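Asks: First, the structure itself, so that you have it in front of you.
Every number here is computed from the coordinates shown, using simple stated rules; none is lab data. These figures come from a predicted structure and were not determined experimentally. Note that each Cβ is placed from the backbone with ideal geometry, even for glycine, and that neighbours are counted across all protein chains shown.
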């Protein structure tokens, strides 16, 4: 499903990741861990085409990720970043607007499934009509996870999914994510989250 082939990332003549290779099978859940500056976000961003390796290749579903097919690849990926800044006034807009994008043509918002996700992740139904500034960072993070799942993508990218939530909510989220039938690639510092993944990839910071 995802393959990194000897990828190297350099920025401003500084090497961040050197000759990294890894294969992730369809349906596999992967936790990506490592100290700050080791390149975790760089790898995550590269799957969305936001950063590009200086050397090596990235393949998704056998297709080499490049400018020519980035939109096709993005149509298969849902991404929930750690810092979420959305240009919407209401929660309902944040969930509904992605369905209007060209890349999501043919997909339909299933509100019954959405309500089930709300319940599983400890969110009240009324939050759907709330204003974005009225909800917490943890609620926003869970809502964007729900929005991503409703788009029915095959690959889910999560950036520090438990960083803004309390222990009880974290337990619900971890149990929820563990059962998702998707290929999961998650950047995390949380050992509890890493435990429910099929395996953990550790990145080490390069010493210059």
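Asks: Return 91, 182, 67 ranked ascending by Cβ neighbour count within 10 Å, so the fewest neighbours appear first.
Replies: Ranking 91, 182, 67 by Cβ neighbours within 10 Å, fewest first, gives 67, 182, 91.
Asks: Between rounded, prolate and oblate, where does the range 97-137 land on the alpha carbon gyration tensor, with a ≥ b ≥ c its root eigenvalues, rounded for a/c under 1.5, else prolate if a/b exceeds b/c?
Replies: Cα axes put the range 97-137 in the oblate bin.
Asks: Per DSSP H run of n ≥ 4, the term is -39500 (n - 2.57); total these for the chain, divide by its residue number, and report the mean residue ellipticity at 222 nm rounded to 500 deg cm²/dmol.
Replies: That comes out to -8000 deg cm²/dmol.
Asks: Shifting gears a bit: Over the range 2-203, what is the mean sequence separation of C-alpha contacts under 8 Å (at least six apart), divided by residue count, expressed as relative contact order in percent?
Replies: Working: 320 pairs, mean separation 61.3, N = 202.
Computed over the range 2-203, the figure is 30 percent.
Asks: Determine the distance separating the Cα centre of the range 81-99 from the Cα centre of the range 163-208; give it in Å without decimals.
Replies: 23 Å
Asks: Then there's this: Nearest 10 degrees is fine. How inclined is helix 137-150 to the longest principal axis of the chain, computing both from alpha carbons?
Replies: Helix 137-150 sits at roughly 80 degrees to that axis.
Asks: With all pairs of different alpha carbon atoms counted, what Kirkwood hydrodynamic radius in Å does the range 2-203 show?
Replies: Hydrodynamic radius (Kirkwood, Cα pairs) of the range 2-203 is 17.7 Å.
Asks: Ranked by Cβ crowding within 10 angstrom, fewest neighbours first, how are 205, 14 ordered?
Replies: In increasing order of surrounding Cβ atoms, one gets 14, 205.
Asks: Here's another thing I want to ask about it. Starting with the fewest neighbours, write out 143, 59, 203 ranked by other beta-carbon atoms found within 10 Å of each beta-carbon.
Replies: Exposure proxy ranking, most exposed first: 59, 203, 143.
Asks: While we're looking at this one, here's another question. Using alpha carbons only, what's the Rg to Rh ratio of the range 49-133 with Rh from Kirkwood?
Replies: 1.05
Asks: Where a ≥ b ≥ c are the square roots of the eigenvalues of the C-alpha gyration tensor, would you call the range 159-208 rounded, which needs a/c under 1.5, or, failing that, prolate if a/b is larger than b/c, or oblate?
Replies: The shape class here is oblate.
Asks: Antiparallel DSSP bridges in the chain: what percent, to the nearest 5?
Replies: 45 percent
Asks: Note down the nm distance, to one decimal, between modelled labels 7 Å out along Cα→Cβ at residue 116 and at residue 72.
Replies: The answer from the label model is 3.2 nm.
Asks: Quick one: if the Förster radius is 30 Å, what FRET efficiency do residue 52 and residue 126 give, using the C-beta to C-beta distance and rounding to 0.05? Display every interim value, and only then the final one.
Replies: Working: r = 43 Å, r/R0 = 1.43.
Efficiency at R0 = 30 Å is approximately 0.10.
Asks: Another question about this same structure. Once you order the gyration tensor axes a ≥ b ≥ c over the Cα atoms, which shape class does the range 104-207 get: rounded for a/c under 1.5, otherwise prolate or oblate by comparing a/b with b/c?
Replies: prolate
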